[in-house]
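Comments concern the structure below.
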Ligand SMILES: [Ca+2]
Ligand SMILES: [Ca+2]
């Protein structure tokens, strides 16, 4: 049904039918894919309503063109495990890749994995990318025919302001924010987007899988001044925080929150509003980069034959639960941005509230593009929900942080279980900020049992850890 309603621009190109597989339609008949990743973007975009001050016209416009999943969650709340899981279709609990310091190809399970772009390559696609798709330290040259700036460096260096840190917090490394006095075109993300835009303006003789990874709003929040000016400090809305929120959280959760770390420093140096401003400014900058990419896309000949998938690799805390960054299993850290625009398949302005997680990207793209199915993928195809967002869905979203700690998210509930058996249970119908842990109440024993069925059956041992430095990206 999908293939008959689509226009196949590439099918008309001479020579495009050269690659054929007996098991699947000709490569020339397939959709292109524009695969857009945004680093560290939580739900603070207009269409997800996570923050009242957010200014994201381009995210909102793109979401309005297809299906926006409003209850999407990462497989892991940190870069490397989240991205390795998305790109291989295999969960951290199966691969043993839980940390940013684990070269994912050194996992026994992932050593020979066929990544999502490799699967497209095997179907005759031209597969290329720029910017952060894999975690920076562990790029995967076999995944790409071409990469920019190179197969070993996934993004250009960004300009930084003199006299860092700007926020006055000592020993902050990249936990810093403030304006840089440069033009947009000098920013790494804009160069990445420009390279991707150039590929969209080229004539391609076979379908393409084009990946574009935007790094902001990853730290440090150094973006041109005009983006800071969009969010005057006097009008910044701080997140709603319950001072004693951690009192009913088990010790492992409190350790993840680490209130005496970032949060204490942010308060001590009077930086909370400035940090929120820096994050909003960085999101607005990422939104402007997305706008440039979409401008090129809409002017390209591929607009009606290309599926766009946009995802962020996890969420971000800015003080909620007295916690900063990701590295936790609560809503702020797991909730991510995920949307699909597919000509002839998705209807504009569609919202799907069913819980999904990022393991579903790989099988969904297989179905959209009519590629061969793959054994061993741990997500499910979302094709039925792209067609009918109201369809019932029993399977919840699952997120894992470090070995043996998991969170299941249904439309109503979040159930966290740590490796020592301690738990948290939140009712999003009454408590969307996850303030009241209900796990100890006997009336929820049966519900917890039902939700626990979705936790992984295995917790693979850690794959090899690289000790040379600690990855915090
Ligand atoms: Ca990230
Ligand atoms: Ca609480």
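The values are calculated or read from the model by the stated rules, or taken from the named source; none is laboratory data. This structure is a prediction, so every number in the text was calculated from the model and none was measured. Neighbour counts are summed over all protein chains in view; Cβ atoms, including those assigned to glycine, are modelled from backbone coordinates with ideal geometry.
Out of all the residues in the range 327-340, which are crowded, with 23+ Cβ neighbours inside 10 Å and more than 16 Å from ligand 2 (Cβ to nearest atom)?
From the range 327-340, those crowded, with 23+ Cβ neighbours inside 10 Å are 328-340; that's our starting set.
Within the range 327-340, 334, 335, 336, 337, 338, 339, 340 qualify.
So, residue 36, is that one within 16 Å of ligand 1 (Cβ to nearest atom), assigned to a strand (DSSP E or B) and surrounded by 21 or more Cβ atoms within 10 Å (Cβ to Cβ) or not?
So residue 36 passes the test.
Wholly within the range 89-197, which strands (runs of 3 or more DSSP E) include no fewer than the required count, namely at least 3 residues that are at pLDDT 95 or above and buried (at least 17 other Cβ atoms within 10 Å of the Cβ)?
Result: 126-131, 177-180.
Would you tally the residues in the range 269-293 being in a helix (DSSP H, G or I) and over 16 Å from residue 35 (Cα atoms)?
Residues in the range 269-293 being in a helix (DSSP H, G or I) and over 16 Å from residue 35 (Cα atoms): 15 in total.
Has the range 437-452 got any residue that is part of a loop (DSSP other than H, G, I, E, B), surrounded by 15 or more Cβ atoms within 10 Å (Cβ to Cβ) and in contact (Cβ under 8 Å) with a residue 40 or more places away in the chain?
Yes, the range 437-452 has at least one match.
So, of the residues in the range 236-254 that are touching a residue at least 24 places away in the same chain (Cβ under 8 Å) and assigned to a helix (DSSP H, G or I), which turns out to be farthest from ligand 1 (Cβ to nearest atom)?
Only one residue tops the list, namely 248.
Considering only residues that are touching a helix residue (DSSP H, G or I) at 6+ places or on another chain (Cβ under 7 Å) and in a helix (DSSP H, G or I), look in the range 58-79 and name the one that is nearest to ligand 1 (Cβ to nearest atom).
59
For the range 211-225: of the residues being more than 18 Å from residue 175 (Cβ to Cβ) and surrounded by 14 or more Cβ atoms within 10 Å (Cβ to Cβ), which is farthest from ligand 1 (Cβ to nearest atom)? Spell out how you get there, then give the answer.
Step one: filter the range 211-225 for residues more than 18 Å from residue 175 (Cβ to Cβ), giving 211-214, 224-225.
Next cut, surrounded by 14 or more Cβ atoms within 10 Å (Cβ to Cβ) only: 211-214, 224.
On the way: 211: 15, 212: 15, 213: 10, 214: 11, 224: 22 Å.
So, considering only residues that are more than 18 Å from residue 175 (Cβ to Cβ) and surrounded by 14 or more Cβ atoms within 10 Å (Cβ to Cβ), the one farthest from ligand 1 (Cβ to nearest atom) is 224.
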